[in-house]
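*Asks:* Sharing a structure, written as structure tokens. Questions coming.
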Amino acid sequence: MEKLLRILHLKKNNILDKENRTLERDRRIFLTIISGIVAQGLSNAIPLITTKFSLNYLGVEIYGLWMAITSFFSFFVFADLGLGNGLQTELSRAVGKDDNTIIKKLISSAFFLLMGISFVLILIFLFVYPYVNWDSIMNVKMGNMENFLGKIIVLIVLSKLLSIPLGLIQRIQNSFQEGYKSNLWSCISVFMTLLVIMFVVFFDFGKLNLIGFSAFIPVLVLLLNIVVFFFLEKKELTPRFKYFDKKITVQLLNTGIAFFLLSILTSISLSMDTYIVAKNGTFSETSVYSITFKLVFLIIVISNMISTPLWAANGEALERGEYTWVRKKAFQMALLSLFLSVGASLFLFIIINPLLLWINKELSISFFILGGMCLLQIAVAGINPYFMILNAERKIKCQIFIFLLYSLISLTLKFYFSKIYSVAVIPWIGAISYILIVVPYIFLKAKKIVTKGEKK
């Protein structure tokens, strides 16, 4: 209790010695986790209401198509070539050195580079779009669905590409161990989305308008976050072209490209289940699977609230040679993450079907599918703190290797066995493969880093 009080009341500038640095680091992690629980709790409960309005207004088929398209283009979140993750790693190191010049160069170089990438990708998409057979890719065979397909694709893709440079603000806030600010803005985003969707439904403004507002409101909120952060809170860090540094850019690209490859593999291996269901099942099954996965994904949201603050904190601690703190904190956060994820899973088993019936009377899911989904998220939750050690230490190639292996094995098995049996086997294949392939490898790699550092 005494230590907790010291953590809560420690002033930010009182970090000259190792003990106070440790307490300050713990304080920031604690505040980020607590505020994140509150903000994320709201921002993940509200979409349940949003889903109910959206599903009933759009219908099961169009909603399923929307979710399938969103899942298919989920990799655009990582179209920044990994620069967001690279910036978070390098920036947390610079914060550990208290080097404001490097901090300014990192932020400005990353921001202007991502603006260029976003612009180029938008031009490429607009050029390629008319020549792609989207009906075949998305498995659309009904005439009324074809009328929505192209327009939904344009809305989803443009919103995701515009988010590439704007989403950098979340990485910057995390690097300064201010992740609670990102959580707060996420909460604002879902509140605004809910209000607008209710408005669209009440006044019957059209199905495409509902999808469009859902896609672009988060983009608007990211822009507002940038304005507040750079023009009100930290004016000295506002991106300026004079701070754009070619050497820093190369450094970011070297780290970022590795993260880019890792992000693509991670996205493919963990985010393509809905698309596989759409290909080998029906759009009705896709709707049920997608909604259920959203609920189960709350487990990993809890884990991310615990593990994400460790990324920047580990970067600072490793830069200062404080390996023992890194080891102890990873173990503590892994236990906490496992405890909360198991509890959340048990709670989902109790409420899942009543909740689905509340959303729509036609929705229900088997406990078999739910069990596979929950098992995967529990495994991810338990190992996430150790991923943060590898990220902070720039150990990305080993993660690329293991996720490449995992992707090849799990996706092959998912496509093959879901055709032979049913889509119900998909989450179990993913969970078992992850536990056998990814978990032991990542744990041993992180342990090696810390053990080697402690012996120095």
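The values are calculated or read from the model by the stated rules, or taken from the named source; none is laboratory data. Remember, predicted model here, so these are calculated numbers, not experimental data. Note: ideal-geometry Cβ built from the backbone for every residue, glycine included; neighbour counts use all protein chains shown.
*Asks:* Of all residues in segment 54-89, count the ones that are among the aromatic types (Phe, Trp, Tyr) and within 13 Å of Ile156 (Cα to Cα). Break it down into steps so the answer makes sense when it comes.
*Replies:* Filtering segment 54-89 for residues among the aromatic types (Phe, Trp, Tyr) gives 57, 63, 66, 72-73, 75-76, 78.
Filter again for within 13 Å of Ile156 (Cα to Cα), leaving 66, 72-73, 75-76.
Summing the residues that are among the aromatic types (Phe, Trp, Tyr) and within 13 Å of Ile156 (Cα to Cα) in segment 54-89 gives 5.
*Asks:* Another question, if that's okay. Which numbered condition in (1) at pLDDT 90 or above; (2) closer than 24 Å to Met272 by Cβ; (3) among the β-branched types (Val, Ile, Thr) is the only one that Ile389 fails?
*Replies:* (2)
*Asks:* Can I ask one more? When you go through (1) of a type in the set (S, T, N, Q); (2) surrounded by fewer than 22 Cβ atoms within 10 Å (Cβ to Cβ); (3) more than 21 Å from Leu48 (Cα to Cα) one by one for Ser284, which number turns out not to apply?
*Replies:* (3)
*Asks:* Tell me whether segment 434-445 contains one or more residues that are basic (Lys, Arg) and modelled with pLDDT of 90 or more. Spell out how you get there, then give the answer.
*Replies:* Start the filter on segment 434-445 by keeping residues that are basic (Lys, Arg), which leaves 445.
Next, only the ones that are modelled with pLDDT of 90 or more stay: 445.
There is at least one residue in segment 434-445 that is basic (Lys, Arg) and modelled with pLDDT of 90 or more.
Conditions tested, residue by residue: (1) at pLDDT 85 or above; (2) in contact with a Pro (Cβ under 8 Å, 6 or more places away or on another chain); (3) closer than 19 Å to Phe259 by Cα; (4) crowded, with 21+ Cβ neighbours inside 10 Å.
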residue: Thr89; (1), (2), (3), (4): yes, no, yes, yes
residue: Ala94; (1), (2), (3), (4): no, no, yes, yes
residue: Thr101; (1), (2), (3), (4): yes, no, no, no
residue: Ala110; (1), (2), (3), (4): yes, no, yes, yes
residue: Leu123; (1), (2), (3), (4): yes, no, no, no
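*Asks:* For segment 361-372, state whether one or more residues are part of a helix (DSSP H, G or I) and under 20 Å from the mean Cα position of the chain (by Cα). Working first, answer last.
*Replies:* Initially, segment 361-372 is screened for residues part of a helix (DSSP H, G or I), giving 367-372.
When the remaining residues are screened for being under 20 Å from the mean Cα position of the chain (by Cα), the result is none.
Checked against the condition, which is being part of a helix (DSSP H, G or I) and under 20 Å from the mean Cα position of the chain (by Cα), segment 361-372 yields no hits at all.
*Asks:* State whether one or more residues within segment 118-128 are in a helix (DSSP H, G or I) and within 27 Å of Asn183 (Cβ to Cβ). Let's see the steps before the verdict.
*Replies:* To start, the set of residues in segment 118-128 that are in a helix (DSSP H, G or I) comprises 118-128.
Within this subset, residues satisfying the condition of being within 27 Å of Asn183 (Cβ to Cβ) are 118.
Yes, segment 118-128 has at least one match.
*Asks:* Here is a further query. For the list (1) modelled with pLDDT under 75; (2) closer than 26 Å to Pro165 by Cβ, I need the number of the one condition that Trp66 fails.
*Replies:* Tallying (1) modelled with pLDDT under 75; (2) closer than 26 Å to Pro165 by Cβ, Trp66 fails exactly one: (1).
*Asks:* Between Leu55, Leu65, Leu48, Leu91, which is in contact (Cβ under 8 Å) with a residue 40 or more places away in the chain and within 30 Å of Ile389 (Cβ to Cβ)?
*Replies:* Leu91
For every residue, the table says whether it meets (1) within 30 Å of Lys328 (Cα to Cα); (2) at pLDDT 80 or above.
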residue: Asn14; (1), (2): yes, no
residue: Ile62; (1), (2): no, yes
residue: Phe76; (1), (2): no, no
residue: Ala79; (1), (2): no, no
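*Asks:* Hand me the list of helices (runs of 4 or more DSSP H) wholly inside segment 248-359 holding 3 or more residues that are without any contact (Cβ under 8 Å) to a residue 12 or more places away in the chain and either over 29 Å from Phe112 (Cβ atoms) or touching a helix residue (DSSP H, G or I) at 6+ places or on another chain (Cβ under 8 Å) (or both). Before you say what the answer is, go through the steps one by one.
*Replies:* On the way: elements: 273-280, 283-319, 323-359.
In segment 248-359, 323-359 are the helices (runs of 4 or more DSSP H) which contain 3 or more residues that are without any contact (Cβ under 8 Å) to a residue 12 or more places away in the chain and either over 29 Å from Phe112 (Cβ atoms) or touching a helix residue (DSSP H, G or I) at 6+ places or on another chain (Cβ under 8 Å) (or both).
*Asks:* Which condition number does Leu87 fail, the rest of (1) touching a Lys or Arg at 6+ places or on another chain (Cβ under 6 Å); (2) within 30 Å of Tyr289 (Cβ to Cβ) being met?
*Replies:* Among (1) touching a Lys or Arg at 6+ places or on another chain (Cβ under 6 Å); (2) within 30 Å of Tyr289 (Cβ to Cβ), the lone unmet condition for Leu87 is (2).
*Asks:* Do we have Leu357 as aliphatic (A, V, I, L, M) and at pLDDT 90 or above here?
*Replies:* Against the criterion (aliphatic (A, V, I, L, M) and at pLDDT 90 or above), Leu357 does not qualify.
*Asks:* While we're here: Would you check which residues across segment 378-391 are among the small types (Gly, Ala, Ser) and either surrounded by fewer than 24 Cβ atoms within 10 Å (Cβ to Cβ) or not in a helix (DSSP H, G or I) (or both) and list them? If you could, list the steps in order and put the result at the bottom.
*Replies:* To start, the set of residues in segment 378-391 that are among the small types (Gly, Ala, Ser) comprises 379, 381-382.
Hits for segment 378-391 are Ala379, Gly382.
*Asks:* Still on this model: Criterion first (on the phi > 0 side of the Ramachandran plot and either surrounded by 20 or more Cβ atoms within 10 Å (Cβ to Cβ) or outside any helix (DSSP H, G or I) (or both)) does Gln177 satisfy it? I'd like the intermediate steps shown before the answer.
*Replies:* Details: on the phi > 0 side of the Ramachandran plot: yes; either surrounded by 20 or more Cβ atoms within 10 Å (Cβ to Cβ) or outside any helix (DSSP H, G or I) (or both): yes.
So Gln177 fits the description; yes.
*Asks:* Could I ask something else about it? State all residues of segment 392-439 that are surrounded by fewer than 17 Cβ atoms within 10 Å (Cβ to Cβ), touching a residue at least 60 places away in the same chain (Cβ under 8 Å) and within 14 Å of Ser267 (Cα to Cα); if no residue qualifies, say none.
*Replies:* Listed by number, the list holds a single entry, Leu404.
*Asks:* Just give me the residues in segment 145-194 being at pLDDT below 80 and more than 23 Å from Ile102 (Cβ to Cβ), in sequence order.
*Replies:* Scanning segment 145-194 gives Met145, Glu146, Asn147, Phe148, Tyr180, Asn183.
*Asks:* Turning to a different aspect of this structure: Is there a residue in segment 441-452 that is touching a residue at least 12 places away in the same chain (Cβ under 8 Å), under 30 Å from Ile49 (Cα atoms) and of a type outside the set (Phe, Trp, Tyr)?
*Replies:* No, that holds for no residue.
*Asks:* For Ser407, are the conditions met, namely being among the hydroxyl-bearing types (Ser, Thr, Tyr) and closer than 22 Å to Thr286 by Cβ? Show your work before the answer.
*Replies:* Working: among the hydroxyl-bearing types (Ser, Thr, Tyr): yes; closer than 22 Å to Thr286 by Cβ: yes.
Answer is yes for this residue.
*Asks:* With respect to Ile257, determine if the residue is farther than 19 Å from Gln88 by Cα and modelled with pLDDT of 85 or more.
*Replies:* On the way: farther than 19 Å from Gln88 by Cα: no; modelled with pLDDT of 85 or more: yes.
The answer is no for Ile257.
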